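The values are calculated or read from the model by the stated rules, or taken from the named source; none is laboratory data. What you see is a predicted model; the values in this text were computed from it and never measured. Here the Cβ positions follow ideal geometry from the backbone for every residue, glycine too, while neighbour counts run over all protein chains shown.
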Amino acid sequence: MTKPIVTNKIGVIVDSYKVGVREGLKKAKQAGADGVQVYAVSGEMDPANLTAAARREWKKELDGIGLEISALVGDLGGHGFQDPAQNAEKIEKSKRIMELGMDLGTNIVTTHIGIVPDDKNSKVYETMHKACEELSRYASTMNAFFAIETGPERSAHLKEFLDSLGTNGVSVNFDPANMVMVTGDDPVQGVYTLKDYIVHTHAKDGIKLADFVDPRDVYGFYGYEKGLDHDKIAEMAETGAAFREVPLGEGKVDWNNYLKALNDIGYKGYLTIEREVGTNPEKDIQLAVDFLKSFKK
């Protein structure tokens with residue numbers, strides 16, 4: 001099959017380098033990335049810690065390096081928006097992250113909202129729906145997007161949930177590897193299913209080792225267990241028996257047909273590399289940049 005020719009910009013999650021934001025920016029530029037995605041939930045990039053002047057300085061620094069922000073990561077952990085006792089605080093924090101994104105030049109914040117329940121009449125579904133309706137309306141007033149990462153549920157079910165929100169302020173950060181590793185959903189068909197909502201993508205690869213992976217064991221679920229933290233999920237992806245994250249092009253994502261599907265739907269956004277495991281992320285990220293650039297030739 002002829003390789004699809006892609007024109008998308010290539011991004012890198014700077015936190016994947018594990019060297020801090022500023023050093024990560026330099027490494028992303030050296031790797032040949034066009035832009036970066038940055039975690040904005042705590043520490044130096046927490047909106048609460050950034051004055052208007054500090055935001056202008058960050059924007060100036062990015063412009064000086066020659067990098068764009070492809071998106072901010074606004075994942076607040078836990079069960080996403082499944083716990084009504086936490087939602088008021090999480091919704092307000094999410095709004096502040098969206099505002100920070102606009103100040104830094106991106107209108108996209110990616111997140112996990114929790115697994116969308118199959119039972120639309122359940123309390124958890126109602127709680128998630130109410131929170132996402134509010135966030136979707138708020139994002140739409142800013143011409144911004146609060147983008148749900150794919151993986152916890154199949155794409156057709158996620159589309160039904162998004163269709164019910166009334167606005168597209170809550171959209172999709174498409175991660176093909178999560179689908180391959182957890183639900184076994186087909187990322188290629190998923191692109192066509194979610195075509196009206198995809199505003200950002202993660203370039204990641206993986207393999208599914210177990211016949212069945214319960215998404216609740218990966219992402220947690222309100223009333224099932226405590227939400228797993230980022231480090232625990234990364235450990236599962238590196239050494240677990242259920243699935244394995246692998247370097248780009250070495251897993252079960254059908255990159256030819258996946259990138260063709262993105263072309264077919266007219267997606268013009270970023271392909272942002274995420275590397276959550278491995279002892280040499282800098283090498284793996286460089287290989288991933290080179291892999292994606294091979295489709296530009």
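Kindly list the number of the only condition in (1) modelled with pLDDT under 95; (2) surrounded by fewer than 14 Cβ atoms within 10 Å (Cβ to Cβ); (3) closer than 29 Å to Tyr125 by Cα that fails for Ile5.
Here Ile5 clears every test but (3).
Taking only the stretch 141-180 into account, find how many residues are β-branched (Val, Ile, Thr), part of a loop (DSSP other than H, G, I, E, B) and more than 18 Å from Gly220 (Cβ to Cβ). Lay out the reasoning, then the answer.
Restricting attention to the stretch 141-180, the residues satisfying the condition of being β-branched (Val, Ile, Thr) are 141, 148, 150, 167, 170, 172, 180.
So of that shortlist, the ones also part of a loop (DSSP other than H, G, I, E, B) come out as 150, 167.
Next, only the ones that are more than 18 Å from Gly220 (Cβ to Cβ) stay: 167.
Number satisfying all stated conditions: 1.
Restricting attention to the stretch 243-294, and to residues there that are crowded, with 19+ Cβ neighbours inside 10 Å and aromatic (Phe, Trp, Tyr), which single residue is nearest to Val188 (Cα to Cα)?
Within the stretch 243-294, the match that is nearest to Val188 (Cα to Cα) is Tyr258.
Quick one: in the stretch 233-284, of everything that is hydroxyl-bearing (Ser, Thr, Tyr) and in contact (Cβ under 8 Å) with a residue 12 or more places away in the chain, which residue is farthest from Asn178 (Cα to Cα)?
For the stretch 233-284, the residue satisfying everything is Tyr267.
Any residue at all in the stretch 149-165 that is touching a strand residue (DSSP E or B) at 6+ places or on another chain (Cβ under 6 Å), in contact (Cβ under 8 Å) with a residue 24 or more places away in the chain, within 29 Å of Val277 (Cβ to Cβ) and not small (Gly, Ala, Ser)?
yes
Among the residues of the stretch 82-126, which ones are among the hydrophobic types (A, V, I, L, M, F, W, C) and either under 27 Å from Glu57 (Cα atoms) or not in a loop (DSSP other than H, G, I, E, B) (or both)?
First, the residues of the stretch 82-126 that are among the hydrophobic types (A, V, I, L, M, F, W, C): 85, 88, 91, 97-98, 100, 102, 104, 108-109, 113, 115-116, 124.
The answer is Ala85, Ala88, Ile91, Ile97, Met98, Leu100, Met102, Leu104, Ile108, Val109, Val124.
From the residues in the stretch 111-143 that are small (Gly, Ala, Ser) and in contact with a Gly (Cβ under 7 Å, 6 or more places away or on another chain), which one is surrounded by the fewest Cβ atoms within 10 Å (Cβ to Cβ)?
Ser140
How many of the residues in the stretch 32-63 are of a type in the set (A, V, I, L, M, F, W, C), within 21 Å of Ser94 (Cβ to Cβ) and surrounded by 14 or more Cβ atoms within 10 Å (Cβ to Cβ)?
Qualifying residue count for the region: 7.
Where the second residue is part of a loop (DSSP other than H, G, I, E, B) and at pLDDT below 95 and the first is more than 23 Å from Glu274 (Cα to Cα) and among the polar types (S, T, N, Q) and lies in the stretch 72-93, which pairs have Cβ atoms under 6 Å and are six or more apart or on separate chains?
These pairs meet every condition: Gln82/Tyr222.
Pairs needed: first member in the stretch 1-22, more than 23 Å from Phe295 (Cβ to Cβ); second member anywhere, among the hydroxyl-bearing types (Ser, Thr, Tyr); C-beta distance under 7 Å; at least 6 residues apart or different chains.
Asp15/Tyr39
Please work out if Glu99 is surrounded by fewer than 20 Cβ atoms within 10 Å (Cβ to Cβ), at pLDDT 95 or above, touching a Pro at 6+ places or on another chain (Cβ under 9 Å) and within 30 Å of Gly266 (Cβ to Cβ).
So Glu99 fits the description; yes.
Name the pairs whose Cβ atoms lie under 6 Å apart, with the first residue in the stretch 24-49 and within 13 Å of Gly74 (Cα to Cα), the second polar (S, T, N, Q), and 6 or more positions between them or separate chains?
These pairs meet every condition: Gln37/Ser70; Gln37/Thr272.
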